[in-house]
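Some notes on the structure that comes next.
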Amino acid sequence: MTTRGSRSEKVRRIFQQFDFNRDGGLNREEMSALVVAVNPRVKFSDEQISAILDEVFRTYGDFIDGEKGLTYDGLLRTYDDGAGDVDRDFEALALEMKTDDDNEAASSLALEEASTSSVLERASSAGPQKSHRTAAWAASPNHGIIFDDTWKLVDDLEILIKRLKSKQTKDGKPKGENFDVYSDPGWSRELGPSSEIDKRIIWEESGHDYGVFVKELGALRSRADGSRSREEAFDGHMALGRVLYDQQLFKESLVCFKRACELQPTDVRPHFRAGNCYYVIGQHSEAKSEFISALDAAEAGGNQWSYLLPQIHVNLGISLEGEGMVISACEHYREAAILCPTHFRALKLLGSALFGVGEYKAAIKALEEAIYMKNDYADAHCDLASALHAIGDDENAIKEFQKAIDLKPGHVDALYNLGGLYMDMGRYQRASEVYTRVLGVWPNHWRAQLNKAVSLLGAGETEEAKRALKEALKMTNRIELYDAISHMKQLQKKKLKGNGNGNGNGNDDSFVVVEPSKFKTVSERTTLRHDLATALDIRSFQRTTRLIRCDVDLLKKEMNENETPLTYSGTGFPEKSIRKAALESVLRRLLGFLKPETFVGSVKEINLKILTVLDESESGRVDLGMFFAILAPICGGSPEKRKRVAFDSLLWRPINEQQGATKGQIKRVDALHYIKLLRLVYIPSQGTSELLEIHGGTDDSMVSFTEFVAMFDDSDWGFGILSTLLKLEISDRNRHGKQSCSVCRYPIIGSRFKEMKSGFSLCGQCYSEGKVPMSYKLDEYRFKEYVKESDAMKDKCMWFSLQKSSSGGATTNL
């Protein structure tokens, strides 16, 4: 990683290369030459160059020295703010690091430049010799130490930290944790450089030594509070906070920054740094609040803080992601990229967030732009690969994963996801090798261990797969492992018996797919094959999003308690529509019981399945009433209540509210449009062709709730599938003892479908797909559904009773 010293020296060399008149500044002509030289592949127009220079000279106005232009410190600040990549630009210009003699001369030049800048003179008024006693930030303009007494506080604090560190080191602490294997968080720790934490220091906070340190630190804070002026007290607390933050004493630095916020509430810096502290210690909601305060202060301060806005937006976005609010985070990453077009981290974070909510094409575009600006960005390559895989471009996805691994050989995310890609492609041996590499970096990664076992099984190495599963069991006791073991045992039994093909190495050749007309049911209570396929798909969505745990009454509460302003779409009709980011906040209230990472997955599925239908024009806005009506049938609650809330959601829409509120009726055309959208979302294979015809209807008649229910329950073109979905909700966790599916060999969970003539059993998934064992070829298959195994036992007992009665009757006749 480039050190701060070598980084600043590279910037100095770039500065000197383009300071043609050697006046200690880069004027517009010199800056123009720099921009063009470091972007050789970009064809800039004069207007583009002018716009870039206007933005630089406006944003970094504090570093402009009259007609001379941007000073060296100003250029360094642009790189620190993420406006460019120092290493890339240095290589693009084919420059070399200077010798020690050259560095001496450069230092003299820097002092001359500093003397010409009133801003730098003010920052260095505390004495140039003191700027070398602590971090580089202390002598930087606007963000450094101003008062002499603050230096004394910093010196005393550094002594306290050294004392604490020496005592804890004797006891084997503090410990360092290597974060090189994880993805770059991409966020701005400081107002200047956005750097990665390579080593995290873990302080022991429960010991006596730490308690003494905190007590002595409190005395330093009291000294800062006792300063001669409010400005000096602010300077003291900010400096203490910065030193503590650099030493990763985040909780203590937070106290200092919060006190600085009280002293100068309208200053951006303490809010920003307090937000960083909150984020590091895992309090994402508090971090978000501080970044919002920083954003408000920056926007109110005019151009003074404009150069900080991109970083504030980035960190606010990351805090929102920490709460699971990925769509909201996207808006801030976009804003950061607009304010600073060369902010490659903002573009990478935008691409990753878009991927997280299923916007794959937009994600690919943002990630490719980030990589264009910084080609050695391993995390961007990794996320680009995942997005390419999501759209089916697997070959290019493998190349991008490999680039990420070449750049960072221990990149767990890239290795693990590459293993999953190989599994999806059926390249099981290669997948097992990649998962082995994951375990080499992260030995306790139980998912990698489990996937290694599955991939070995797919490659036909059963014994190796067993050993891998045993290792996984040592790491965790999750139910997935036991199901995998049971599956493996079934396959082993099948291999020993022979499966009719003689290979015994998989399932692909052990079954046939039967046409739907050959599947019959022995009673009306047995679910039809095509109905089960549809219901299973809806049930999968319901479980993935956890909407079944959201009581449908909460939708009604949202409509009653929250005001939604009217908007007018292209049709000219009023709508209660909101932006997707605002809709995400509504979903967070409805699914408040979910952890952030689980909530992100829910939003992704809702976006892919529902929002893409409701926002067909890609305006970014969604009709809230129609959205609630679409959600209602799959939320928790009785079927009657779900239908009632769906009807009320339609009644709440302005198109019905004006005419039907007093009568409790909605327009028939609106009801028909809703049912068509409902089927388009949940049953996309049926009934979508008439949607436009219905939408363009002119029938102004009204329907009551009773009539609406009749339309809703229609099995042919309504949403009659709800009855099958309700059965799945009740029974799809039922287990059937040792019964396993004759096709997939997994233990049967949910309904068991028994073929009454041959006696084999299928799980719901194989039944819905029409799969039957190769060894049972019949002209017609007759199935009976057993929701619980006790039902099967009753049938069995009844069969024995009938056999006994039949046998007894025959004896009497004799």
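Things worth noting here:
- Cα gyration tensor, the range 220-274 - rounded (a/c under 1.5), prolate or oblate: oblate
- On the range 33-77, 52 percent of the accessible area sits on carbon and sulfur atoms, based on a 1.4 Å probe.
- Restricting the range 1-89 to chymotrypsin sites (Phe, Trp or Tyr not before Pro) that sit in a DSSP loop and have at most 14 other Cβ atoms within 10 Å of their own Cβ leaves Phe20, Phe44.
- Rounded if a/c under 1.5, otherwise prolate or oblate - the range 195-246, Cα gyration tensor axes: oblate
- Between the range 1-72 and the range 728-791, the alpha-carbon centres lie 71 Å apart.
- The modelled label-to-label distance for the pair Ser285/Ser775, using points 7 Å beyond Cα in the direction of Cβ, is 5.8 nm.
- Sparse packing (at most 12 other Cβ atoms within 10 Å of the Cβ) combined with a DSSP loop state is found for the following GluC sites (Glu not before Pro) in the range 713-806: Glu780.
- For the range 367-444, accessible area per residue (1.4 Å probe, heavy atoms of protein chains only), Å²: 43 Å²
- Solvent-accessible surface (1.4 Å probe) assigned to Tyr245 amounts to roughly 10 Å².
- Ranked by how many other beta carbons lie within 10 Å on average, peptides 543-551, 352-360, 708-716, 265-273 from highest: 352-360, 265-273, 543-551, 708-716
The values are calculated or read from the model by the stated rules, or taken from the named source; none is laboratory data. Not measured: the values here are computed from a predicted model. Backbone-built Cβ (ideal geometry, glycine too); neighbour counts: all protein chains shown. The accessibility values were calculated without ligands, DNA or RNA, using every heavy atom of the protein model including side chains. Shrake-Rupley method; radii C 1.70, N 1.55, O 1.52, S 1.80 Å.
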